[in-house]
Amino acid sequence: MTGAAIGLGAAAAALAVGDLVAAFTGPASAPVLSVGSAAIDLTPTPLKDWAVQHFGTHDKTVLLSGIYATMALLAVAAGVLALRRLWAGVAVFALFAGLGMWAAASRDAALLPSALAGLAGAGVLVLLVRLARPGSTRRREPGGPQRTGASANVAVPRPEGPPLPGAAPSAEAGPSLVGPPLAGTPRATEATPPTGTHKPAGPAPRGMGRRGFLVALAATVAGAAVAETAARALTAARYNVAKARAALRLPAPVAALPPVPAAVHPPVAGLSAFTTPNGDFFRVDTALTLPQVPPSTWRLRVHGMVDHPVELSFDDLLRRPLHELDYTLSCVSNEVGGPYVGTARWLGASLPDLLRAAGVQRGAQQLVGRSADGMTIGTPIDLLLDGRPALLAVGMNGEPLPVAHGFPCRSLVPGLYGYTSATKWLVDLEITTFAALDPYWVHRGWDRTGLVRTASRIEVPAPFAQVPAGPVTVAGTAWATHRGVAAVEVRDDGGPWQEARLAADLGPDTWRQWSWTWDATGQGPHTLEVRATDGTGAVQPQTRNPPFPAGATGWHSTVVTVT
Ligand SMILES: Nc1nc2c(c(=O)[nH]1)N[C@H]1C(S)=C(S)[C@@H](COP(=O)(O)O)O[C@H]1N2
Ligand SMILES: [Mo]
């Protein structure tokens with residue numbers, strides 16, 4: 001018990017100190033976030049896919065919970081060890097600090113928070129262990145035996161190795177063990193009454209020693225809570241763009257688009273909206289905390305194989321002609337029938353115009369977008385310059401980009417999955433060759449081009465719905481971004497394909513909704529299948545492929561029971 005309390009107290013102090021220092025060096029350098037981000041970067045693609053499939057947008061919470069749970073277990077081990085062999089406990093904190101520093105270094109974040117966190121943790125550990133050992137006060141007197149006594153010759157197992165962040169993340173155990181990183185400062189601990197007030201002669205009264213320890217422990221936890229609260233308040237004040245975003249007024253587009261006509265959306269209950277509200281728009285990224293990029297200091301560098309490198313401020317960007325674009329963005333990780341796709345009315349400056357002004361040189365093959373959080377996304381140059389309306393987007397559905405979707409600026413290139421086109425928190429554009437650099441996901445084995453595959457899904461009736469025999473409305477959405485959807489067909493139990501009614505077409509860059517009246521006969525389960533034909537006349541292939549490495553293929557189906 002005492003050992004566990006010592007370990008957890010020291011870990012709390014360590015985390016609070018780390019977070020407090022990170023409030024000055026940047027949130028990305030906070031120890032747990034560094035480790036979590038490095039874990040995300042290191043996670044093999046199949047495991048990442050598995051995590052996204054099973055936890056969806058909660059995957060980051062699960063990862064963080066796993067890290068906290070692992071740290072709590074190691075902290076308990078460190079405390080228990082330290083009561084027998086102080087150096088072993090200190091070693092665990094050195095390991096914590098080393099792991100945090102290595103993780104921060106791997107993301108170009110500051111090492112100081114993890115280093116000071118380790119020192120603080122080790123310091124508090126030593127103090128608490130000294131106070132907890134019965135009679136410890138006596139041994140601290142000059143002449144008394146040093147470093148003996150309690151450290152009996154007990155064989156102490158070494159900890160099993162570095163904490164494996166995210167390994168076997170236990171969503172349940174995580175938060176309940178430590179909760180939010182509580183922590184304490186060593187300063188607070190030092191401020192507790194020293195126990196050296198005992199008379200050097202004679203054994204220390206145990207009650208007093210115990211009380212001193214408990215007071216120190218309580219002070220540690222309280223100090224940790226105060227420091228952590230301060231760290232959070234400071235971080236929110238220093239690194240939060242919510243106010244800047246609320247104050248931003250975007251200029252009007254050079255030619256406003258008419259409102260989206262009602263005819264694009266069959267009026268069927270349960271069918272997704274044509275334009276996805278910002279709050280419902282899917283979010284996929286590797287960012288554990290949202291990058292906070294103030295427009296006032298934002299710069300976009302355009303460099304590499306160009307005749308005239310340029311650097312734009314946010315005002316420079318807003319002074320360029322702004323265009324509206326209705327566009328369906330989709331993620332390569334979307335399974336057949338999956339939810340990682342959405343349509344918005346985006347506002348932004350033309351990306352091809354900017355590239356032409358910079359003068360793309362011969363031999364250039366890809367445009368690499370870099371984000372404020374170090375993501376790299378590569379787009380083939382020939383596709384970018386083939387006339388498609390690619391944007392440096394600043395607006396989404398009539399408001400500045402939400403922070404989660406890349407505020408203040410992101411790229412969008414119709415026809416390509418997000419991972420090869422849609423850099424959020426964009427700060428740098430480099431024109432280069434394929435050989436020069438493998439962007440983040442290409443480095444991890446994903447396809448370099450990322451052309452969106454033709455996809456269609458049945459949304460109504462819901463899976464396993466019970467429907468009465470007779471006419472049943474079936475409806476859904478199909479997309480083949482930048483090629484457009486020319487036809488959608490549906491069939492019942494492998495029967496003949498039947499043409500669905502296509503709703504109005506808003507152009508090749510958005511999805512297309514459809515409906516079909518099914519004359520349901522024959523009680524029992526039926527399998528409905530859907531397939532789309534894109535604007536080039538290519539029929540969506542039946543072959544089932546997983547998302548890796550170039551996007552899922554295959555027909556979506558749903559099982560409905562006729563009653
Ligand atoms: N900086 C940054 N930009 C990013 C990503 C990322 O992880 N970091 N993910 C990309 C991927 S894989 C997709 S599908 C889209 C998703 O955009 P959304 O979250 O706005 O829907 O963002 C892209 N841009
Ligand atoms: Mo994606």
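In the set (1) within 16 Å of ligand 2 (Cβ to nearest atom); (2) under 19 Å from residue 412 (Cα atoms), residue 353 fails one condition alone, (1). Return yes when residue 414 is open to solvent by less than 10 Å² (accessible area, probe 1.4 Å), touching a residue at least 12 places away in the same chain (Cβ under 8 Å) and either in contact with an Asp or Glu (Cβ under 9 Å, 6 or more places away or on another chain) or assigned by TED's automatic domain parsing to the domain that holds residue 280 (or both) and no when it is not. Yes. Scanning the stretch 286-307 for residues that are open to solvent by 30 Å² or more (accessible area, probe 1.4 Å), in a loop (DSSP other than H, G, I, E, B) and not aliphatic (A, V, I, L, M) yields 289, 292, 294, 296, 297, 307. In the set (1) open to solvent by 70 Å² or more (accessible area, probe 1.4 Å); (2) at pLDDT 95 or above; (3) of a type outside the set (A, V, I, L, M, F, W, C), residue 211 fails one condition alone, (2). Looking at 373, 353, 326, which one is out of contact with any Phe, Trp or Tyr (no Cβ under 9 Å at 6 or more places or on another chain) and of a type in the set (Asp, Glu)? Only one candidate passes the filter, namely 353.
Summed over the stretch 355-370, residues that are part of a strand (DSSP E or B), among the aliphatic types (A, V, I, L, M) and either open to solvent by less than 30 Å² (accessible area, probe 1.4 Å) or at pLDDT below 95 (or both) total 2.
Here 489, 499 are screened, and the one residue that is closer than 16 Å to residue 537 by Cα, over 34 Å from the mean Cα position of the chain (by Cα) and open to solvent by 60 Å² or more (accessible area, probe 1.4 Å) is 499.
Give the residues of the stretch 523-542 that are surrounded by fewer than 19 Cβ atoms within 10 Å (Cβ to Cβ), touching a strand residue (DSSP E or B) at 6+ places or on another chain (Cβ under 6 Å) and part of a loop (DSSP other than H, G, I, E, B), sorted by residue number. Matches in the stretch 523-542: 523, 535, 541.
Among the residues in the stretch 233-249, are any surrounded by fewer than 19 Cβ atoms within 10 Å (Cβ to Cβ) and closer than 30 Å to residue 128 by Cα? The answer is yes, given that some residue of the stretch 233-249 is surrounded by fewer than 19 Cβ atoms within 10 Å (Cβ to Cβ) and closer than 30 Å to residue 128 by Cα. Here residue 80 fulfils each of the conditions (1) open to solvent by 30 Å² or more (accessible area, probe 1.4 Å); (2) within 29 Å of residue 24 (Cα to Cα); (3) touching a residue at least 12 places away in the same chain (Cβ under 8 Å); (4) in a helix (DSSP H, G or I) apart from (2).
For the condition among the aliphatic types (A, V, I, L, M), within 14 Å of ligand 1 (Cβ to nearest atom), open to solvent by less than 10 Å² (accessible area, probe 1.4 Å) and under 23 Å from the mean Cα position of the chain (by Cα), residue 452 qualifies.
Restricting 373, 386, 447 to those that are open to solvent by 20 Å² or more (accessible area, probe 1.4 Å), of a type in the set (D, E, K, R) and free of Cβ contacts under 8 Å to residues at least 12 places away in the same chain reduces the list to 386. Residues in the stretch 417-437 that are open to solvent by 10 Å² or more (accessible area, probe 1.4 Å), in contact with a Pro (Cβ under 9 Å, 6 or more places away or on another chain) and either closer than 16 Å to residue 391 by Cβ or away from ligand 1 (no atom under 13 Å from the Cβ) (or both): 424, 434.
Residues are listed down the side, and each one gets a yes or a no for (1) under 29 Å from residue 262 (Cα atoms); (2) hydrophobic (A, V, I, L, M, F, W, C):
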position	(1), (2)
463	yes, no
474	yes, yes
485	yes, yes
518	yes, yes
524	no, no
527	no, no
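Residues in the stretch 321-354 that are within 15 Å of ligand 1 (Cβ to nearest atom), part of a strand (DSSP E or B), out of contact with any Ser or Thr (no Cβ under 8 Å at 6 or more places or on another chain) and not aromatic (Phe, Trp, Tyr): 325, 347, 348.
Inspect the stretch 273-283 for any residue being away from ligand 2 (no atom under 16 Å from the Cβ) and in contact with a Lys or Arg (Cβ under 8 Å, 6 or more places away or on another chain) and give the result as yes or no. Within the stretch 273-283, one or more residues are away from ligand 2 (no atom under 16 Å from the Cβ) and in contact with a Lys or Arg (Cβ under 8 Å, 6 or more places away or on another chain).
The values are calculated or read from the model by the stated rules, or taken from the named source; none is laboratory data. Fair warning: this is a prediction, and the values are worked out from it, not measured in the lab. So basically every Cβ, Gly included, is an ideal-geometry build from the backbone, and we count neighbours across all protein chains shown. For accessibility, only protein heavy atoms count, side chains too; no ligands or nucleic acids. Shrake-Rupley method; radii C 1.70, N 1.55, O 1.52, S 1.80 Å.
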